[in-house]
Structures are given as C-alpha cells and as structure tokens.
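Trainee: Mind looking over this structure? Questions follow.
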Amino acid sequence: MASESRVPSPESRTSHPRELTVALPDWVDAVVDWERPYATDEDKMRLAIALSRENVQRGTGGPFGAAITEQGTGRLVAVGVNSVVRLGNCTLHAEMVAFQLAQAAVGTFTLAAAGMPVHELATSCDPCAMCLGATLWSGVRRVLCGATRDDAMLLRFEEGPVFASSWRYLSHRGLEIRRGLLREEAVAVFDLYRQKGGEIYNG
Ligand SMILES: [Zn+2]
C-alpha cells in the first residue's frame, strides 16, 4: 500500500486556478438507478455500499460511498464516491461529494430550506471529522452509517477528531443518527480494498 505523498508531475499543476470541477466517475449512471425509490434504510445503505464497492472495483478511489435521499418518497437526490486521489483533492470524501451535488441539485446551500422535504444521508462508513462537520452544515436531518470509525482505522484511514460528544452534539441539534447499518457488507468492501492494495491517503 502506498502511503507516502506523491509528488505531482509539473504537467498536473495549474498556476493560480480560478475554478475546479467536482465530477462523479463515468460508471455511476451504470450502477445507480435514479428512478426507483429508496424506501427503506437498508435500500439507502445498500446503494451507498454498492457505490463504495464499485469505486474500488473500477479503481476510481477509496472504499467509501454515500447517497442523499428525500424522506418519505425515497427519491434519490445525489450520490458521492470518494474522489480524493482521482481528483487530487483531500476534501472530496464520498459524503462531501454527495453534499455538493445534492446542493447543486436543489440550487441552494442547505438541504433544510423552508418547504423542502427532509433529506437523509446514507454513508458506507462513519463520517470523519470534516464530513461530520459538513453533515451539520448540509441540512440533512437524518444520517445512516455502515462501517464504523474503528473499521476505517483498522484499514489505517484517519478519521480525525470525532468523539462521542461530537455525535451527541448532532443529536442535540435535532439530527437522527443510525450507525452500524449493514456494517458487515460495508466492511467487506474495506477487505476488498485491502486485497487490491489500494492507496491509504491521510494514513
Ligand atoms: Zn470524510
């Protein structure tokens, strides 16, 4: 497993960039059924885990996937996959990609604007410190998590300063949180990533 930082080639550098693009890998539309409702928590988590698995199998990033749905209808709003190495951007965890694309879909900076349905996040692993913060800012009101922080750290991924009190903070702010959902299926993707010798960044 490569854990050292890679020095970018001179051709990959841009002087004083003014913009950047956050794009899902090409395969996403072949894997995601945008039309069907994701009615149950398990449906939503299976989608997040399927995205994490495909990201590993197709070699487009780390073993993490996320999906944002509307509560009630189960309508799929946006998905994310870990894109840190593919797009050379440490902030592009699966949840961050999903938040950014979901907010592009609704056209505003929050998924909790007046008149909107409740939005839910399903993520194949407990959010890291960055993503847990963004979960609060995103406006999702419900969070489903698969693999645990300990599972990710066993794979030597750093999760940062997330404490029991961090979770309690989100609960006190009114977010409903369900963790450990389909954990074994999510962890199986970590095992696949390890077998393939996937890169551990921020390790
Ligand atoms: Zn994260």
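The values are calculated or read from the model by the stated rules, or taken from the named source; none is laboratory data. Not measured: the values here are computed from a predicted model. Neighbour counts run over all protein chains shown; Cβ positions are idealised from the backbone, glycine included. Protein only, heavy atoms only, side chains kept; ligands, DNA and RNA dropped before computing areas. Shrake-Rupley method; radii C 1.70, N 1.55, O 1.52, S 1.80 Å.
Condition check ((1) part of a loop (DSSP other than H, G, I, E, B); (2) polar (S, T, N, Q)) across all residues:
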| residue | (1), (2) |
| --- | --- |
| L47 | no, no |
| T60 | yes, yes |
| T69 | no, yes |
| V85 | no, no |
| Q103 | no, yes |
| S124 | no, yes |
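Trainee: Oh, and also: From E95, E120, grab the single residue that is in a helix (DSSP H, G or I), under 13 Å from the mean Cα position of the chain (by Cα) and in contact (Cβ under 8 Å) with a residue 12 or more places away in the chain.
Mentor: On inspection, the qualifying residue turns out to be E95.
Trainee: Identify the residue in the stretch 116-127 that is open to solvent by less than 10 Å² (accessible area, probe 1.4 Å) and among the hydrophobic types (A, V, I, L, M, F, W, C) and, among all such residues, is farthest from the ligand (Cβ to nearest atom). Working first, answer last.
Mentor: We begin by selecting, within the stretch 116-127, every residue open to solvent by less than 10 Å² (accessible area, probe 1.4 Å); these are 119-127.
Next cut, among the hydrophobic types (A, V, I, L, M, F, W, C) only: 121-122, 125.
Details: L121: 12, A122: 14, C125: 8 Å.
If we take residues in the stretch 116-127 being open to solvent by less than 10 Å² (accessible area, probe 1.4 Å) and among the hydrophobic types (A, V, I, L, M, F, W, C), then A122 is farthest from the ligand (Cβ to nearest atom).
Trainee: Something else: Looking only at the stretch 4-23, decide whether some residue is open to solvent by less than 60 Å² (accessible area, probe 1.4 Å), out of contact with any Leu (no Cβ under 6 Å at 6 or more places or on another chain), among the acidic types (D, E) and at negative phi. Give the derivation first.
Mentor: First pass over the stretch 4-23, keeping only residues open to solvent by less than 60 Å² (accessible area, probe 1.4 Å): 9, 22-23.
Now restrict to residues that are out of contact with any Leu (no Cβ under 6 Å at 6 or more places or on another chain): 9, 22-23.
Imposing the further condition that a residue be among the acidic types (D, E) reduces the set to none.
Scanning the stretch 4-23 turns up no residue that is open to solvent by less than 60 Å² (accessible area, probe 1.4 Å), out of contact with any Leu (no Cβ under 6 Å at 6 or more places or on another chain), among the acidic types (D, E) and at negative phi.
Trainee: Restricting attention to the stretch 96-115, which residues are within 16 Å of the ligand (Cβ to nearest atom), open to solvent by 30 Å² or more (accessible area, probe 1.4 Å) and either in contact with a Leu (Cβ under 7 Å, 6 or more places away or on another chain) or not hydrophobic (A, V, I, L, M, F, W, C) (or both)?
Mentor: Within the stretch 96-115, just Q100 meets the criteria.
Trainee: Would the stretch 86-95 turn up any residue that is more than 16 Å from the ligand (Cβ to nearest atom), open to solvent by 10 Å² or more (accessible area, probe 1.4 Å) and of a type in the set (K, R)?
Mentor: The answer is no, given that none of the residues of the stretch 86-95 is more than 16 Å from the ligand (Cβ to nearest atom), open to solvent by 10 Å² or more (accessible area, probe 1.4 Å) and of a type in the set (K, R).
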